[in-house]
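This report concerns only the one structure given below.
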Amino acid sequence: MLPLSRITCVTNFLGKYGAAIRSSSEFTLPDYTTSVNTAAHKLSRPTDDKLRKQSDVLKRTSLIPETLLEMEKNEEFQLTLKNLKKFGQEKLTREEMRARHRALDLLGFPDFKAFCAAKVPSEGVLTKSAVETLQVNVGLYCNQACAHCHVESSPKRQEMMSREVADRCLSLLQSSPDTQTLDITGGAPELCQQFRHLVESAVGMGRHVLDRCNLTVLTEPGQEGLGDFLKEHRVEVAASLPCYSRRNVNLQRGKGVFQRSIEGLQLLNELGYGEPGTGLILNLVYNPLGAFLPPEQEALERKYRGELREDFFFFFFFF
């Protein structure tokens, strides 16, 4: 029986800021909160033998070949690749930005200036607060190719942070005493050569480090010591598990990702992530599968706890 650490199902961007926009008397938005009753869903329980057999295989193989194969079969990806070759990255980026602006207009979102005008005090002054967190994206290379990824990370992306840029970020962190947290994201940030350098240096400064981990990277060949490294440096893990359903996770993140994610959670559990009193923090991040807001967070968290505890023998503790 393995305890799973403190679990917080984190909602998406709209879940946090959509409410703020809706609260303005000047702007009214549709209610995109899902009506799905999470408590009514019951998943089938996998057998012990099936879990053990899959576990043995996953620890010996990489997810990358399977991800690349899925990408070759994906019609939307192939169309994007074709347009990228035809029009170039810069033109496609501009068009994507225009498309997103049009989508926000159709949803009734105000533009940024109009929103500020409705929210800012009459004197029109925005007051800057202290910067408490420095978030760095260390690259777009990833062992997955998720449908919801806003930076389109995949094994085909080669953009990576250099040592020079990493050291510049650390210099900025060192000279910013109010900034006590280094938040590292990607891609799969752990696959960047600068990841461990950033973690070790930030911890050496007395800073707290947050790793936005996709979980499957923990079972990638060459990453066998990653879990021990995270534990040694007391790194907080924000782990992507967009649903407690195998089918939904694999639809959004790729074939086989759910089982590998469970393997990653088990590894973190064994290292003490989740044990009360260890201070090893683990958060789960939930992502809706469509253009709607997630269910109410407390109910969703209870459902995650119940399903993962019963189906995969995890116990959940609150700090």
May I ask you to say which residue of Glu263, Glu224, Glu275, Glu232 is open to solvent by 30 Å² or more (accessible area, probe 1.4 Å) and closer than 21 Å to Tyr304 by Cβ?
Glu275
Inspect all residues belonging to the stretch 127-146 and state whether any of them is over 30 Å from Pro288 (Cβ atoms), without any contact (Cβ under 8 Å) to a residue 12 or more places away in the chain and not β-branched (Val, Ile, Thr).
yes
Looking only at the stretch 134-163, count how many residues are in a loop (DSSP other than H, G, I, E, B), touching a Cys at 6+ places or on another chain (Cβ under 7 Å) and either open to solvent by 60 Å² or more (accessible area, probe 1.4 Å) or over 20 Å from Leu69 (Cβ atoms) (or both).
2
If you go through the stretch 227-237 one residue at a time, do you hit one that is out of contact with any strand residue (DSSP E or B) (no Cβ under 7 Å at 6 or more places or on another chain) and free of Cβ contacts under 8 Å to residues at least 40 places away in the same chain?
yes
Kindly provide the set of residues from the stretch 242-257 that are part of a helix (DSSP H, G or I) and either touching an Asp or Glu at 6+ places or on another chain (Cβ under 8 Å) or under 21 Å from Glu152 (Cβ atoms) (or both), ordered by number.
Asn248, Val249, Asn250, Leu251, Gln252, Arg253, Val257
Would you mind stating whether Val217 is assigned to a helix (DSSP H, G or I), of a type in the set (Val, Ile, Thr), in contact with an Asp or Glu (Cβ under 8 Å, 6 or more places away or on another chain) and open to solvent by less than 30 Å² (accessible area, probe 1.4 Å)?
yes
So Asp178 clears everything in (1) in contact (Cβ under 8 Å) with a residue 12 or more places away in the chain; (2) surrounded by 14 or more Cβ atoms within 10 Å (Cβ to Cβ) except one condition, right? Which one?
(2)
Quick count over the stretch 213-254, residues being at pLDDT below 90 and either touching a helix residue (DSSP H, G or I) at 6+ places or on another chain (Cβ under 6 Å) or among the small types (Gly, Ala, Ser) (or both), is 10
Only one of (1) among the basic types (Lys, Arg); (2) part of a helix (DSSP H, G or I); (3) surrounded by 14 or more Cβ atoms within 10 Å (Cβ to Cβ) is not met by Arg212, so which one is it?
(2)
Can you spot a residue in the stretch 177-188 that is out of contact with any His (no Cβ under 7 Å at 6 or more places or on another chain), of a type in the set (S, T, N, Q) and modelled with pLDDT of 95 or more?
yes
If you take the residues of the stretch 75-105 that are closer than 18 Å to Val151 by Cβ and of a type in the set (S, T, N, Q), which of them is most open to solvent (accessible area, probe 1.4 Å)?
Gln89
Subset of the stretch 59-74, residues modelled with pLDDT of 85 or more and either loosely packed, with under 13 Cβ neighbours inside 10 Å or of a type in the set (A, V, I, L, M) (or both), comes to Leu63, Ile64, Pro65, Leu68, Leu69, Met71, Glu72, Lys73
Filter result for the condition that a residue is more than 26 Å from Thr278 (Cα to Cα) and either under 12 Å from the mean Cα position of the chain (by Cα) or open to solvent by less than 20 Å² (accessible area, probe 1.4 Å) (or both), over Ala238, Ala188, Ala166:
Ala166
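The values are calculated or read from the model by the stated rules, or taken from the named source; none is laboratory data. This is a predicted model, so every value here is computed, not measured. With ideal geometry, Cβ positions are generated from the backbone for all residues, glycine too; neighbour counts draw on all protein chains shown. What goes into the accessible areas is simple: the full protein's heavy atoms, side chains included, and nothing from ligands, DNA or RNA. Shrake-Rupley method; radii C 1.70, N 1.55, O 1.52, S 1.80 Å.
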